[in-house]
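The values are calculated or read from the model by the stated rules, or taken from the named source; none is laboratory data. Predicted, not measured: the structure shown is a model, and the values here were computed from it. In this analysis, Cβ positions are derived from the backbone assuming ideal geometry, glycine residues included, and neighbour counts consider all displayed protein chains.
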Amino acid sequence: MIDWNNLPPWYETATALLLVLSSLFALVGALGLLRLQDFFQRMHPPALASTLGAWCVALASIVYFSGIKQSVVLHAWLIPILLAITVPVTTLLLARTALFRKRMAREEVPSQVSTRDTSD
């Protein structure tokens, strides 16, 4: 029988610290989204923050439920592993779509992603 109310305090403290760290990552990502000027700069902070935040939440889940079950519980790692695969792909597709739309509208694109020769 699992005793939910009798966990050692360090399990709960570690879990709480990891969850607070996760929320700080989300806050930094939101601030980066607000402060940066264009779409291409705004893509990076939320993607990074969501990935790091998901890792912290998964680690908090592992610590807490391993303490409850008195054995190592690792199935929570599946979520951040899948996010680590899908977030970069999604970010790349969003960037390429935005770049394509800017080029089709004949708008200025960032010099870092421009492949056109401007020396003519």
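Observations
- Enumerated helices (runs of 4 or more DSSP H) restricted to the stretch 9-120, each holding at least 1 residues that are over 23 Å from the mean Cα position of the chain (by Cα): 9-35, 44-69, 78-104
- Every residue from the stretch 12-62 that is among the small types (Gly, Ala, Ser) and closer than 30 Å to Ser111 by Cβ: Gly29, Ala30, Gly32, Ala47, Ala49, Ser50
- Considering the stretch 1-46, and only residues there that are without any contact (Cβ under 8 Å) to a residue 12 or more places away in the chain and either under 25 Å from Lys102 (Cβ atoms) or in contact with an Asp or Glu (Cβ under 8 Å, 6 or more places away or on another chain) (or both), the residue that is surrounded by the fewest Cβ atoms within 10 Å (Cβ to Cβ) turns out to be Gln37.
- For the criterion of being under 30 Å from Pro8 (Cα atoms) and either in contact with a helix residue (DSSP H, G or I) (Cβ under 9 Å, 6 or more places away or on another chain) or at pLDDT below 85 (or both), Gln41 fails.
- Scope the stretch 67-91; condition farther than 30 Å from Glu108 by Cβ and in contact (Cβ under 8 Å) with a residue 40 or more places away in the chain; matching residues: Gly67, Ile68, Lys69
- Candidate set: the stretch 47-60, residues that are small (Gly, Ala, Ser) and free of Cβ contacts under 8 Å to residues at least 40 places away in the same chain; chosen: the one surrounded by the fewest Cβ atoms within 10 Å (Cβ to Cβ): Ser50
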